[in-house]
Each structure stands twice: as C-alpha cells, then as structure tokens.
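Working notes for the structure below.
The values are calculated or read from the model by the stated rules, or taken from the named source; none is laboratory data. The structure presented is a predicted model; accordingly, all values stated were derived computationally and were not measured. When we count neighbours, we look across all protein chains shown, and the Cβ atoms used for this are built from the backbone with ideal geometry, even at glycine.
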C-alpha cells in the first residue's frame, strides 16, 4: 500500500470516529444535534466522501498498475535462446508490427509486417448492421489483455460476474438453473432411488457491439517515442467501453442489449411506504436473508455512491453503524459485515428505483465476451487537424444465470 493510500485510510477512520463522537454525545444526553454539532457533522461527512472517493481512485490506479506489470511477459525460450517458440515469436512480431501501425499507419510497415497485419484483418461489417468500415485488426494479446483488464476495473459487474470468453461472436446457448429448492433423499434398504429432473432453462448470449467512441491524438504526440502509446490507447479505450458496459449490465433491457441486474434480478425487499429515497437497517437484513444461505458466504453488495451515502447513516439495533470504513490497510470496508462494491451506473435512490444488489454475482450473473477486440486507426478523417483517431470495439452480452443468487432492494413507489 502506498504512503498516500495509508494516510487516506487513517484520515478516513479519524473523520469517521469524529462523526460517531458527535452523534454519541447527542444520544447520551437524549437530544438533537446542536447547530454547531450539525455543521461539524456535515463538514466531516463531506470530507469523508472526498476521502472515500480518493481511496477508490487510488485502489483503481493500483489495479491498473498491476495490469501493467502483468503484461511484461517474456517471449524467450530457454536461457540463451531469444527466439522462443514459433507461436511466441509470431506473437512478438505481430505485436511489433501493431505498434508501428498505431504510430504511423500501414505506410510505415515493412512488406513482411504489412502481410502479417493483413493476416489479422477483421471485416467489421460481419459484426452486424450499421458498420460499414472494413479496416479493423485483431489486437495483440498484451494490448487486448490490458484493454480487457481496464474494462474490468471500470466495468462494475465485469469484474464480479462469471465471465466466459469465446473466440467467435456467434449466438451462444447458455443454460440457466435454480436448484436450491431441491434436495436428495434418504433410501431404505432395497428401495429404488426417486427421480427429480433439473429445472434447466436457457438464454441466448449474443455479441452486442460496444464502442469506445473516437479518441484523437496529434501526430506530434504519436511521433514522440517517450509517449507510451501501446499502454495509453488500450487503457482509454478500455475505460470508455467498461463504463458503458457497466451501465448495460446494471440497467440493460435485454432487447438488443445485455439483460441488466435491475431489469431481471428478483426484488428481495421493497421499502415501506414513504421510503422513496431512504433505506432502514431492517430492510438490509431482510435483503440479505432473501438470498439463499448457500450463496451468502460469497455475497457482496453493489450500489452507486449516492446510495452508499444513505447507508452510512444507518445503525444496527445496538446503535452501531452498519457501514464500517477500512479498519486497516489491506482490509475492505464493509456494510453489515459484507464487502461492498461501488458502481455509479446503478440507479440512485428514487421512487421505485432498484438501487441495491446483494448476492453472489459469479454464481448469479454471466457475461459473454468475444476475445477478438478490434481497433481502428482513422487517418484521413482528421488529416487537416494533423490528428489520428483511434476507435475500439468489444463484443459483450450478459444476463442472469441463477435467479436465486442475487436479490435487489427497491424503494417504495410513494
């Protein structure tokens, strides 16, 4: 853990303790907060929100730095043999060619590199209607892995769910099942075993196209060898695709887009009348127990930051806050003892909104990802600006695969 992150964790706990002291002083005297105490509380809460955001950003940055280090993979074989295997050598050559292509386009490639690139060309028109560009290339493994891991860091459920990777984008039949209500039997001597079929449903996972939108860079920057283009571009493309995919996985309708949590997951608890933007402690307990106990050991919360702000003020029946900040470096903050994840693509508190998910996401939600990420380099379009555009595509789909593993909290309608 960095010195800055450790300092923020310590400050977070100090601010949180100050807030608890203010509240405890009023409760011990059975009175409301004074104007001064309320002002101090509000200031502390504002600072706590800032600190939590900084901690989240630093943790995400650490994730991305870890991704960078994981991409440094040797392509050599035995000591003294720098050629490695044929497959590794081919991958290294394509990676080099792709790097030249990113900076200078096809004109900068040698004839061998051009042939190698053309062997990895992808006809984007085959991906679906509305795409009339045929200039995509499959990205090298290091580029794709960096882009994919960045998508996970910014993609909410993409980093929590059961992710399957396919080599093509053809429709994939995927089984769904909820067998938690069934059990075996106790047999007497010489008795035949009974029968009870698995209630297996199914869904079709498609390959919806997610675009990064165009990222433009100046030719001067591309020609600067100190600029790490092969790191910067996949990160930016991955961030954009990850954020858009996160919204689809939480709120997607399932029609020509992924099936989102708030669309398909069952409601485990709905707030009582009047709780259009609020949550009470008992609601969260009911939500936790609406998930079968078999899934709760791996269960986590998922919500937007605006919802977390509401939950921070809740206490259990013993008057203890149910939100516990990071107690020490290396430990997660928790809600009622369960780890939580922030995803601002989840709805904010509002009438009838489904704002809180709880469950085992790896068991309950499946994401299909097509391996071949494509990148386009757009030159002529921005030539008069002395700029080059980059455009990334990822093909993804997702949906509920075990309906008992995840439950939602829904606010009252009025």
Practice task
Select from the range 240-256 the residues that are out of contact with any strand residue (DSSP E or B) (no Cβ under 8 Å at 6 or more places or on another chain) and either over 21 Å from residue 356 (Cβ atoms) or at pLDDT below 90 (or both) and write down the one among them that is surrounded by the most Cβ atoms within 10 Å (Cβ to Cβ).
Solution key: 242
Handout entry: Given (1) buried (at least 18 other Cβ atoms within 10 Å of the Cβ); (2) assigned to a helix (DSSP H, G or I), number of the condition residue 269 does not satisfy
Key = (2)
Fill in the blank from the handout: From the option list 282, 286, single residue qualifying as out of contact with any strand residue (DSSP E or B) (no Cβ under 7 Å at 6 or more places or on another chain), modelled with pLDDT of 95 or more and within 18 Å of residue 335 (Cβ to Cβ) is 282
Practice task
Would you point out which residue out of 68, 171, 123, 132 is touching a strand residue (DSSP E or B) at 6+ places or on another chain (Cβ under 9 Å) and modelled with pLDDT under 70?
Solution key: 123
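Let's see how each residue does on (1) assigned by TED's automatic domain parsing to the domain that holds residue 5; (2) assigned to a strand (DSSP E or B); (3) closer than 26 Å to residue 8 by Cα:
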| residue | (1), (2), (3) |
| --- | --- |
| 309 | no, no, yes |
| 317 | no, no, no |
| 347 | no, no, no |
| 375 | no, yes, no |
| 383 | no, no, no |
| 388 | no, yes, no |
| 391 | no, yes, no |
| 409 | no, yes, no |
| 413 | no, no, no |
Handout entry: Options 22, 51, 55: the member that is in a helix (DSSP H, G or I), touching a helix residue (DSSP H, G or I) at 6+ places or on another chain (Cβ under 8 Å) and over 23 Å from residue 331 (Cα atoms)
Key = 22
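Taking the range 38-56, which residues are over 30 Å from residue 155 (Cβ atoms) and surrounded by fewer than 16 Cβ atoms within 10 Å (Cβ to Cβ)? Outline the logic, then answer.
Applying the first criterion (over 30 Å from residue 155 (Cβ atoms)) to the range 38-56 yields 38-44.
Within the range 38-56, 38, 39, 42, 43 meet the criteria.
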Completion exercise
Across the range 356-390, the tally of residues that are more than 18 Å from residue 211 (Cβ to Cβ) and out of contact with any helix residue (DSSP H, G or I) (no Cβ under 8 Å at 6 or more places or on another chain) stands at 8
